[in-house]
Amino acid sequence: MTPEPRTDVTAALRACRLWRTASDEAVARLAESATVQSVGRGAALAAEGDPAGRFGVVVTGRVRTFHLAPDGRTLVLEVMGCGEPVGAVASLAGARHPAHIEATTPAVIAWLTRDAVFDALTAEPAIARALVADLAERVVGLTGVVQSLALDVPGRLARYLFQRALAAGQPTPDGLRVPLDMTKTELAASLGTVPETLSRALGRLRDDGVLEVRGSEVVVFDVGALARLGSGYTE
């Protein structure tokens, strides 16, 4: 007798944007086929160049994909939380992982085979529309990563903070309060730099009167300056 899928696994799969139009029955079939893995912080889930025979959905915790540059720098391409897919593009393409994948916290991952996903597409073709839309969104996101790499570190930081200000900024009497949403070490890695260089970039923005750092958040005084620096445009 096949055991019932865990409720947290089913909930995470239901939340996954790849099949947001899927019926509950289709999601239940995916949950039944899933292989569930619990890992500790720092656990390697895939290495760059490994065959991508399956992909995961984060049930709990956080996972990142990253590239190791020849000089040893870590460039974080994406950070995923509950309900978000991991390694989906490479798996569905039948390719190899283009980047490393690791858990940044203790995490639970539900792994799905390509065949299970394609069976769901065959049963409910409308699911394909959501999947194509998500893949297109990922291409746009990776284009943004490439554009950021053309900037210096202060410019990359300004671009990130400007985007965070739009997404999560909260007006206060002092200025626009913007939570960083990650540790400074993680932020440095996502910008393709090291914490020391990130601290200098924050100090430069502070000295220029653009913002003030307050623990795990910043208060932005000049959003326009972030927009200009983050676009690489100067008057």
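The values are calculated or read from the model by the stated rules, or taken from the named source; none is laboratory data. Small disclaimer: the values here were computed from a predicted structure and weren't measured. Note that each Cβ is placed from the backbone with ideal geometry, even for glycine, and that neighbours are counted across all protein chains shown. When the accessible area is computed, the model is the full protein with side chains, heavy atoms only, and any ligands, DNA or RNA have been set aside. Shrake-Rupley method; radii C 1.70, N 1.55, O 1.52, S 1.80 Å.
For the range 1-102, applying the loop criterion from DSSP together with a ceiling of 15 other beta carbons within 10 Å to the GluC sites (Glu not before Pro) yields 48. Charges were assigned to the Cβ only: +1 to each Lys and Arg, -1 to each Asp and Glu. The resulting dipole of the range 19-85 about its Cα centre is roughly 180 debye.
Using Cβ point charges alone (K and R +1, D and E -1), the dipole size of the chain about the Cα centre works out to roughly 180 debye.
Round to the nearest 0.05 the FRET efficiency obtained for residue 231 and residue 8 when R0 = 30 Å and r is the Cβ-Cβ distance. Intermediate values should be presented prior to the final figure.
Numbers: r = 41 Å, r/R0 = 1.37.
Efficiency, rounded to the nearest 0.05: 0.15.
Remark: spin-label model distance residue 115-residue 48 equals 3.2 nm, labels positioned 7 Å along the Cα→Cβ axis. The distance from the alpha carbon centre of the range 1-44 to that of the range 92-125 is 11 Å, rounded to a whole number. Once all protein chains are placed together, residue 231 keeps about 70 Å² accessible to a 1.4 angstrom probe.
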